[in-house]
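These notes concern the structure reproduced below.
The values are calculated or read from the model by the stated rules, or taken from the named source; none is laboratory data. As the structure is a computational prediction, the values presented were derived from the model and not from experiment. Cβ sites come from the backbone with ideal geometry, for glycine too, and all protein chains shown count toward neighbours. These accessible areas exclude ligands, DNA and RNA; they are computed on the full protein's heavy atoms, side chains included. Shrake-Rupley method; radii C 1.70, N 1.55, O 1.52, S 1.80 Å.
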Amino acid sequence: MSNYTKLKTNLKLAIQRLKLLEKKKTELSLKSRREIADYIQANKADRARIRVEHIIREDNYVEAMEMLEMFCDLLLARFGLIEKMKELDPGLDEAIGTLIWASPRVSNDITEFKLIGDAFCHKYGKKYADACKADTLNNVNEKVKRRLGLEPPPKLLVEQYLIEIAKNFNIPYEPDQSVMLRSGLYDEELISLKDKTNEYRNGGNNNGGAGGGFPAGFEPASDFGDKAPIGFKPDYNGQSDLIDFNNNLPPLPNSLPYGDLSTIRKGSSPPPSYIKKDVRSPGQFDFKYKLKFCA
């Protein structure tokens with residue numbers, strides 16, 4: 001039996017074994033979901049999360065086997081290119097590279113993959129096979145790499161599995177709020193807050209406050225009393241807030257904390273400056289604060 005015949009036979013056997021293994025692992029996964037539901041009902045959420053991680057790995061493994069089965073079908077459909085061409089056909093590079101990369105990872109369950117990897121190594125050279133196993137050629141399918149990876153599943157995915165399992169078995173379950181918030185599943189609430197912030201910044205909504213950045217119904221304080229700042233006049237009678245300093249000057253108090261202004265008259269010489277020195281240690285600067293008042 002030639003090497004090509006052996007390779008073709010192993011590809012067919014690998015497809016059959018992949019289908020059987022997919023079915024077996026899927027059935028076990030369904031049984032494990034019943035066990036996880038019992039943990040949830042018994043308020044053993046931590047134990048349920050550990051079991052869910054195992055189910056996620058099994059589901060990923062089944063999905064990877066489905067992809068490998070598809071690549072085996074592709075190679076069988078284009079087997080004539082493997083037989084007739086000495087060089088690797090570009091259309092088969094991803095399929096062959098993925099099978100070589102996956103062979104040491106699934107050969108414990110499907111022994112034909114080791115024989116398939118060795119056949120391609122003999123066909124295209126050990127250097128090419130080693131490059132595929134190290135994924136230095138970037139020809140390995142990304143989905144297969146993720147599904148057969150050793151990284152633990154994300155916490156969000158674990159919570160989603162728990163939510164779906166509890167929903168299928170009609171069991172109440174409260175997911176981990178910290179995980180859900182960090183993952184952004186509560187985007188509707190966050191978007192609502194963001195829209196509210198933008199409404200304040202951009203001048204409110206259609207009910208008013210446009211241009212000022214205040215919500216509708218906002219009323220600025222108008223009665224300052226004795227604390228009204230100089231240069232500002234509240235609009236009580238529809239008059240302008242601006243004050244004409246040439247004609248209608250606001251009255252000044254007779255006394256202020258910094259001196260008596262009753263002697264200051266319009267047209268007279270400007271009042272003296274009030275100078276305060278801040279005593280500093282030698283080598284430092286003196287700071288002077290001058291307060292000037294004009295009639």
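Key figures
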read-out: Residues of segment 1-50 satisfying the condition of being under 29 Å from Leu68 (Cα atoms), open to solvent by 40 Å² or more (accessible area, probe 1.4 Å) and hydrophobic (A, V, I, L, M, F, W, C); value: Met1, Leu13, Leu20, Leu28, Leu30, Ile50
read-out: Cβ pairs under 9 Å, 6+ apart, first in segment 41-56 and touching a residue at least 24 places away in the same chain (Cβ under 8 Å), second open to solvent by 100 Å² or more (accessible area, probe 1.4 Å); value: Gln41/Pro172; Ala45/Glu174; Arg49/Lys155
read-out: Residues (in a helix (DSSP H, G or I), polar (S, T, N, Q) and under 39 Å from the mean Cα position of the chain (by Cα)) located in segment 1-52; value: Thr26, Ser29, Ser32, Gln41
read-out: Looking only at segment 97-150, and only at residues there that are under 32 Å from the mean Cα position of the chain (by Cα) and of a type in the set (Asp, Glu), the one that is most open to solvent (accessible area, probe 1.4 Å); value: Glu142
read-out: Segment 99-117: number of residues that are in contact (Cβ under 8 Å) with a residue 12 or more places away in the chain and touching a Ser or Thr at 6+ places or on another chain (Cβ under 8 Å); value: 3
read-out: Flag if Arg57 is under 28 Å from the mean Cα position of the chain (by Cα), under 24 Å from Asn141 (Cβ atoms) and surrounded by fewer than 18 Cβ atoms within 10 Å (Cβ to Cβ); value: yes
